[in-house]
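All of the numbers you see were taken from the coordinates with simple rules; none came from a lab. Predicted model, so just to flag it, every value in this text is computed and none were measured. A quick note on method: Cβ atoms are made from the backbone with ideal geometry, for glycine too, and the neighbour counts reach across all protein chains shown.
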Ligand SMILES: *Cc1c(COP(=O)(O)O)cnc(C)c1O
């Protein structure tokens, strides 16, 4: 089989073998419904409680503040929609940014179109960082919620979360953060970081797909989002995804235990890759903040080329990466995140994201940069834009 170099860990990760091992008994032996009363069900109930405890401990929260969901997307939707419903008597204004994940942006658009919400989408600076003075200025007496992501999934920029949380707190406004890319990568503490609600998802940290959680600080009024049984303290109905929750607990524990050493290694590898690309490929640009950046994120624009063509050619070499276009939706619109940091369309189109994983090696990255150099040269040699540019340059 062809060797695959997987550098799309912001899209999803490989489920770690020990996570799979931890999950298996909850399909085969301990298959009881946690809500049932007999002994068989006790094992499932206990396992769910343990995972909840593990995750709460990592965040400095209590178990009662962790609510399992079916995904990070669901957690984001829940935080926005249900908070809006619970607090709309107080006001109808929400503040977020232009570079959030679609799970937040589209939930906001829904609230605007269908529920009468007013939403401010803050600009960010050229590295993708929220401007705190603009955040303060956007606050009105009607503001009930600020939702700003902990770290961006495309360009890796890490926000000044503690300061944002402080501003929210000083104004008596709730603060939600989408921490799907940050949980397990950065040492998050909900109290010190002034966070009221936080979304996360297991499959981004070597856990299984289809399981997430929403942290909701004690005292925050939040309505249930999925209606039915009494699961998740009557806030999120539906029989628990027991195996998924067990896998999440295991993945979260692993990520927390290995965080320091793993992210140190990833930062070194990340910077090695960035240095090589910037040095060896002309007309390359690093997107996102060079320092306030997720340990595993490399996002570059390579002028005069289409990101989609790059992806296809990388794929032929067994390299999995992602581009700056919303190709998943079938359109070729450039990424809203790259536009938010001010890139012109044509540069945003030539963007690539590589996201390292826990198994990524320096050899992998050197192989990728070597291949990338050749591919870029080849594509530019066929690019009319590049030809024009060179001709003009020579005049
Ligand atoms: C992946 C991701 C999500 C969505 O999580 P799912 O569990 O895949 O629904 C939300 N926000 C960010 C920042 C993400 O990276």
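Observations on the model:
- Size of the stretch 1-149: Rg and Dmax of its alpha carbons, in Å, are 20.5, 61.
- Here the average projected area of the convex hull drawn through the C-alpha atoms of the stretch 177-250 stands at 5.3 nm².
- Prolate/oblate/rounded call for the chain, Cα gyration tensor, a/c under 1.5 rounded: oblate
- Stretched out straight at 0.36 nm per residue, the stretch from residue 126 to residue 388 would grow longer than its current Cα-Cα span by 91.6 nm.
- A simple spin-label model places pseudo-atoms 7 Å from Cα toward Cβ; at residue 138 and residue 259 they are separated by 2.7 nm.
- The stretch 25-82, relative contact order [Cα under 8 Å, separation at least 6], %: 17
- For the chain, adding -39500 (n - 2.57) for each run of n ≥ 4 DSSP H residues and dividing by the number of residues yields -13500 deg cm²/dmol at 222 nm.
- Radius of gyration and maximum dimension Dmax of the stretch 114-260, Cα, Å: 16.5, 47
- Stokes-Einstein translational diffusion, the stretch 227-318 - Kirkwood Rh over all Cα pairs, 1.002 mPa s, 20 °C, in µm²/s: 125
- Isotropic mean projected area of the C-alpha convex hull, the stretch 1-51 (nm²): 5.5
- Percent of Cα pairs exceeding the 16 Å cut-off, where the set is the stretch 110-155: 48
- Rh (Kirkwood; distinct C-alpha pairs) - the stretch 30-91, Å: 13.8
- Of 354, 304, 68, the one that fluctuates the most in a GNM where the chain has Cα springs shorter than 10 Å: 304
- Protection proxy ranking of 7-19, 29-41 - average other beta-carbon atoms within 10 Å, highest first: 7-19, 29-41
- Label-point separation, residue 18 to residue 333 (7 Å along Cα→Cβ), nm: 4.3
- Percentage relative contact order, the stretch 38-180, counting C-alpha pairs under 8 Å, at least six apart: 21
- Taking all pairs of distinct alpha-carbon atoms in the stretch 288-395, Kirkwood radius in angstrom: 14.9
- Across the alpha-carbon atoms of the stretch 216-256, the computed radius of gyration and Dmax are 12.8, 34 angstrom.
- Computed over the chain: relative contact order in percent, which uses C-alpha pairs under 8 Å that are six or more apart: 21
- Mean Cβ count within 10 Å, highest first, over the residues of peptides 228-237, 165-174, 194-203, 44-53: 194-203, 44-53, 165-174, 228-237
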